[in-house]
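Trainee: Handing you a structure now.
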Amino acid sequence: MDLTLRIWRQNGAEAPGRLEEHAVTGVEPDMSFLEMLDVLNETLLKEGRDPVTFEHDCREGICGSCGLVINGIPHGPGERSSTCQLHMRHFKSGDTITIEPWRVHSFPILKDLMVDRSALDSIIQSHGYISVSTGSPPDAGTRLIGKPEADQAMDAAECIGCGACAAACPNGSAMLFVAAKVSHLASLPQGRIEAAERVRDMTRTMFSCGFGNCSNHYECEAACPKGISLKFIAKLNRESLKALFRG
Amino acid sequence: MQLDGKCPGGPIAEQWDRHKFAMKLVNPANKRKFTILVVGSGLAGASAAASLGELGYNVEVFCYQDSTRRAHSIAAQGGINAPKNYPNDGDSIHRLFYDTVKGGDFRSREPNVYRLAQVSNSIIDQCVAQGVPFARDYGGYLVNRSFGGAQVSRTFYARGQTGQQLLLGAYQALARQRKAGTVHLHTRSEMLDLVLVDGEAKGIIARDLISGELHSYAGDAVVLASGGYVNVFYLSTNAMGCNVTAAYRAYKRGACFANPCYTQIHPTCIPVSGEHQSKLTLMSESLRNDGRIWVPKQKGDTRRPEDIPEQDRDYYLERKYPSFGNLAPRDIASRAAKEACDQGRGVGPTGYGVYLDFSDAIQRLGETAIQERYGNLFEMYERITAENAYRQPMRIYPAPHYSMGGLWVDYNLQSNVPGLFVLGEANFSDHGANRLGASALMQGLADGYFVIPYTIADYLGRIAPGAVDTGHEAFQACRESVEKRISGLLGGKGRQTVNEFHRRLGNIMWEDCGMARSRESLNRALEQIPQLRREFWEDVILTGAPGGLNQELEKALRVADFLEFGELLARDALAREESCGGHFRTEYQTEEGEAMRNDKDFSHVAAWEYSGEDTAPAMHTEPLAFENVQLAVRSYK
Ligand SMILES: Cc1cc2nc3c(=O)[nH]c(=O)nc-3n(C[C@H](O)[C@H](O)[C@H](O)COP(=O)(O)OP(=O)(O)OC[C@H]3O[C@@H](n4cnc5c(N)ncnc54)[C@H](O)[C@@H]3O)c2cc1C
Ligand code: FES
């Protein structure tokens, strides 16, 4: 199939950006979206032009590196799929596709489609962990955890940290990201001990990194490639309340 | 050069404890005076850095991704081994040790493997304490699944995302240390050379991938945990950025590279669909718990799989290896698939595929149970192939997946260059000629959480902290050589892209140095690779300046090293005149087509020492002794 791409080009954080138009031909339905961009880049290189910068690594939907806004939708039209797992069979010959980077205040653009998401690491660093050092923890078999709790923890823990939730949110909020980590750890007995401090530290850091607040637009859940549920934001709110009462 | 593994000796079960006692310690108050550079933030690097930070060392971590959480370990699916024996099926440390030595086709070092088996139980304890949500049953107990090459269930898992959950555990531990100020991160920072001062590893040169600037970093020791090298095959299951650069540059500075020819071709990956393919996707080996592998009995049978009756199907693994069946080890399962396809019995549009069929399991257990076990894998398969594996069998084919070879290390995980330690997939130590499933995660975390925190002290305890800084002339010289390499690549008027060269190298490696190798094919590869390398330096297209963000340059630097390393791999494969594990030489096979080892002449580690640009590298050997597991022909029949 033959496509027209309108791609955001921006040479560095301070430089002005614009949409640039490119034609790509001979795209096959079995190609992934990023393989289609590879084809474009190979052509640009041969023409002596600067290839489009975009981020990717695993190309399996798990590392969270990739992330493009495709026709206005973070990660594009695929259902529960990251950009690298989106295949060209979702498009047809003659389509025009607009490709832009995440547009979030807290994710400055570095070049073209690549942004700086280190704010997400700062949130985890603030308290997205259980305070245990390497050494001699108790035998894993001595602590029983009900299957529902373990499953709920895993549902939340599946977050790949791509930032699509923030990119989809009209307020640029990373609340789903925070909620996923808070819920993962708070669902487990070993994570309950610091639950109050954790939710406080993580939400506070989210705001100080410049992310907006959640005002229930629900766009984040739809954009999440892992289908992280909104119910975790409700859980985060309950955890925040509990933390408040603990003083 | 005499390679001394420095194994402690004595009864194998007591060696590690005795060794821990014999090693030097660093006084707690002195630890913060030592700086340790850790290259890599995968399971090995992140667990090492977090643990060393907790002990009080000053740790600097480097990775090429934007966040330490994105290291390639994140992609591991199936699980991690530990002989907890929760299922009561007869598992023990000794059995895991035995399985790993046998699975590695008797080409690993016994004491290292025993220690790995010993500490593996603590890994599960550590990870559960961190909040890793391993699968549990309705009673709240941890559950296990089976993996290839073992007859017990000892694999712990978190759905199909075990690597992700383990890495997030280590990443969170690392984040906690970063907050505590013991660990400093240098993300988007790629190591391009190792700096030696008086023959000891004292620093690295790294390129800031955003600004393009080269920076020097000095430390009292360098820990490489930079992962594996199978991207030398171009198409593999590894992440796009996985590379051999850090390890290869250390090799060029004097560290020996051990057994580079031991590469693992994983039997269950989604087949190649076309020229545009940029990587191959693994379908976890755990699927072989319930899926049955088959091809049509007749060559050229083009019927749809559901139209092929039972008597016309060849469940070749079950037929050839009745006691392990579909759970035969990876090297054996991969070769059997290749053999079936070479006979013209392969399936799918290219003929390079075999079926992995779940219909029996679905009938027996119900679709819900299968979904519970493998739901995300089936989803991934459908996303890529647009086929529903609940309705029709998956199509799979072997693909390069893991490197057993790596930098040579002794029992302390120290290379022959003092002060240079190597962990995880980047070293060669534990898996011999073939790795069993679910044991790479185990090894990465064992090295990082439970081995390096002890063994590095034995080195640091003998030196004075902070003796070298980046003002030393060795840094200047090293930096200049990196600058030269970069400017040599840029600015030419090339006509071929980096990807094109990488694909061509991959073709040579796969055809001549892949699942089956012969003297003839290896000699061909040894002729072609240097030619391709010369062409690369003359004709590669690279735009831009040395400074600034330049993803093509990043790729070019990695491919340049693969173009040298591929030759070393082929050379090692040629020198090893036997078949063992993942290394199959067509000249050395039984009448039934099984691998034929030659213990008399090749029961050794081959460690290669760089000897200059125009000189062939020198091969050193470390003999392997088998005192606790009897050398035997590996049989899975
Ligand atoms: C798809 C897939 C599934 C797998 N499933 C399993 C499984 O179920 N069970 C199992 O046991 N094993 C599995 N494996 C194998 C296992 O995941 C790896 O062997 C293991 O994770 C390697 O960990 P590592 O820490 O050694 O390296 P990696 O995780 O590869 O980390 C390498 C690190 O080094 C950094 N790095 C590399 N080069 C440089 C450089 N030059 N400069 C700076 N930084 C650098 C990277 O940024 C990264 O942080 C799987 C592998 C794949 C590909
Ligand atoms: S490239 Fe890893 S999630 Fe897309």
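Taken together, the values in this text are just the output of simple stated rules run on the coordinates, not laboratory data. Computed from a predicted model, the values in this text were never measured in an experiment. Please note: Cβ atoms are built from the backbone with ideal geometry, for glycine as well, and neighbour counts cover all protein chains shown.
Trainee: So how tilted is helix A:118-127 from the main axis of chain A? Cα-based, degrees 0 to 90, rounded to 10.
Mentor: 10
Trainee: Taking each residue of A:140-153 in turn, how many C-beta atoms of other protein chains fall within 10 Å of its C-beta, and what is the average?
Mentor: Taking all residues of A:140-153 together, the mean is 6.
Trainee: For B:W537, put the label point 7 Å out on the Cα→Cβ axis and report which residues of segment B:593-632 keep their amide N under 13 Å from it.
Mentor: Of the residues in segment B:593-632, B:613-615 have backbone N under 13 Å from the label point off B:W537.
Trainee: Expressed as an acute angle from 0 to 90° and rounded to the nearest 10, what is the orientation of the C-alpha long axis of helix B:93-103 relative to the principal long axis of chain B?
Mentor: So the helix axis and the longest Cα principal axis differ by about 80 degrees.
Trainee: Straight-line reach from A:K226: which aspartates and glutamates have a Cα under 18 Å away, not including same-chain ones fewer than 8 places off?
Mentor: Counting by Cα, and skipping residues close in sequence, A:K226 has these aspartates and glutamates nearby: A:D57, A:E60, A:E79, A:D151, A:D155, A:E158, B:E372, B:E379, B:E382.
Trainee: Let me know the mean shielding of A:119-132 by other chains, meaning the per-residue number of their Cβ atoms within 10 Å of its Cβ.
Mentor: Whole-number average of other-chain Cβ neighbours for A:119-132 is 6.
Trainee: Taking each residue of B:321-328 in turn, how many C-beta atoms of other protein chains fall within 10 Å of its C-beta, and what is the average?
Mentor: On the way: counts 0, 0, 0, 0, 0, 0, 0, 0.
For peptide B:321-328, the averaged partner shielding equals 0.
Trainee: Describe numerically, in nm with one decimal, the distance between label points set 7 Å from Cα along Cα→Cβ at B:Q630 and at B:K179.
Mentor: 5.5
Trainee: Measuring from a point 7 Å past the Cα of A:E28 along Cα-to-C-beta, which residues in segment B:334-358 have an amide N at less than 18 Å?
Mentor: B:347-354, by backbone N distance to the label point.
Trainee: What nm value, rounded to one decimal, do you get for the distance between B:S323 and B:E577 when each label is placed 7 Å out toward the C-beta?
Mentor: 3.3
Trainee: Using the charge dipole of the protein assembly as shown (Lys, Arg: +1 at Cβ; Asp, Glu: -1 at Cβ; taken about the Cα centre), state which of B:S273, B:V222, A:H87 has its Cα farthest towards the positive end.
Mentor: Comparing the listed Cα positions along the dipole, B:V222 ranks first.
Trainee: Against the longest alpha carbon principal axis of chain A, how many degrees, from 0 to 90 and to the nearest 10, is the axis of helix A:175-186 turned?
Mentor: Relative to chain A, helix A:175-186 is tipped by roughly 40 degrees.
Trainee: Enumerate the amide H contacts of B:G140 below 5 Å, restricted to partners 5 or more residues apart or on another chain; note that Pro and chain-start residues carry no placed amide H.
Mentor: Amide H to amide H, under 5 Å and 5 or more residues apart or across chains, B:G140 pairs with A:K147.
Trainee: For B:Q311 and B:L365 in the same chain, what is the full-extension length gain: residue separation times 0.36 nm, less their Cα-Cα distance, in nm?
Mentor: Computed gain between B:Q311 and B:L365 is 17.1 nm.
Trainee: Looking at the square roots a ≥ b ≥ c of the eigenvalues of the Cα gyration tensor of the protein assembly as shown, which shape do they give, rounded for a/c under 1.5, prolate if a/b is larger than b/c, or oblate?
Mentor: Rounded, since a/c falls under 1.5.
Trainee: Go ahead and collect, in residue order, the members of segment B:47-89 whose backbone nitrogen is under 19 Å from a label point 7 Å along the Cα-Cβ direction of B:D469.
Mentor: Residues B:58-60 fall inside that zone.
Trainee: Here's a follow-up. So in chain B, what percent of DSSP beta bridges are antiparallel if you round to the nearest 5?
Mentor: Details: 44 of 63 bridges.
Among the beta bridges of chain B, antiparallel pairing accounts for roughly 70 percent.
Trainee: Determine, for each peptide in A:99-106, B:590-597, B:301-308, the mean count of other beta carbons within 10 angstrom over its residues, then list the peptides with the highest first. Kindly include the intermediate steps, with their values, before the conclusion.
Mentor: On the way: A:99-106: 21.1, B:590-597: 14.5, B:301-308: 12.5.
Per-residue mean Cβ counts within 10 Å order the peptides as A:99-106, B:590-597, B:301-308.
Trainee: Do the alpha carbons of any pairs in B:K33/B:K179; B:K299/B:K338; A:K147/B:K179 sit beyond 21 Å of each other, and which pairs? Please list the in-between numbers first.
Mentor: Details: B:K33/B:K179 19 Å; B:K299/B:K338 14 Å; A:K147/B:K179 33 Å.
Among B:K33/B:K179; B:K299/B:K338; A:K147/B:K179, the Cα-Cα distance tops 21 Å for A:K147/B:K179.
Trainee: Something else: Treating cross-link reach as a plain straight distance, find the aspartates and glutamates whose alpha-carbon is under 15 Å from the alpha-carbon of B:K320, omitting any fewer than eight places away in the same chain.
Mentor: Cα-Cα hits under 15 Å: B:D331, B:E339, B:E591, B:E592, B:E594.
Trainee: Then there is this: Each residue of segment B:171-180 in order: what ³J(HN,Hα) in whole Hz does its phi give by Karplus 6.51 cos²θ - 1.76 cosθ + 1.60, θ = phi - 60°, with x for Gly and Pro?
Mentor: 4, 5, 4, 5, 4, 5, 6, 5, 4, 6
Trainee: Could you give the size of the charge dipole of the protein assembly as shown about its Cα centre, using +1 on the Cβ of each K and R and -1 on the Cβ of each D and E, expressed in debye and rounded to the nearest 20?
Mentor: 1880
Trainee: Roughly how many nanometres apart are two label points built 7 Å out from the Cα toward the Cβ at B:T302 and B:R485?
Mentor: My value for the distance between the label points is 5.1 nm.
Trainee: Between B:N88 and B:Q496, what FRET efficiency comes out of the Förster formula 1/(1 + (r/R0)^6) with R0 = 60 Å and r the beta carbon distance, rounded to 0.05?
Mentor: Given R0 = 60 Å and the Cβ-Cβ separation, E is 0.50.
Trainee: Using a Cα-Cα cut-off of under 18 Å, which lysines could be cross-linked to A:K92, ignoring same-chain neighbours fewer than 8 residues away?
Mentor: none
Trainee: Output the antiparallel fraction of DSSP beta bridges having both residues in the protein assembly as shown, as a percent to the nearest 5.
Mentor: 70
Trainee: If you don't mind, there's one more thing I want to ask. Below 8 Å between Cα atoms, with a sequence gap of 6+, how large is the relative contact order for chain B in percent?
Mentor: Rounded, it is 21 percent for chain B.
Trainee: Quick check on chain B: helices-only [θ] at 222 nm, where DSSP H runs of length 4 and up contribute -39,500 (n - 2.57) each and the sum goes over total residues. Nearest 500, please.
Mentor: -11000 deg cm²/dmol
Trainee: Full extension from A:S240 to A:D2: what is 0.36 nm times the residue separation minus their Cα-Cα distance, to one decimal in nm?
Mentor: 80.6 nm
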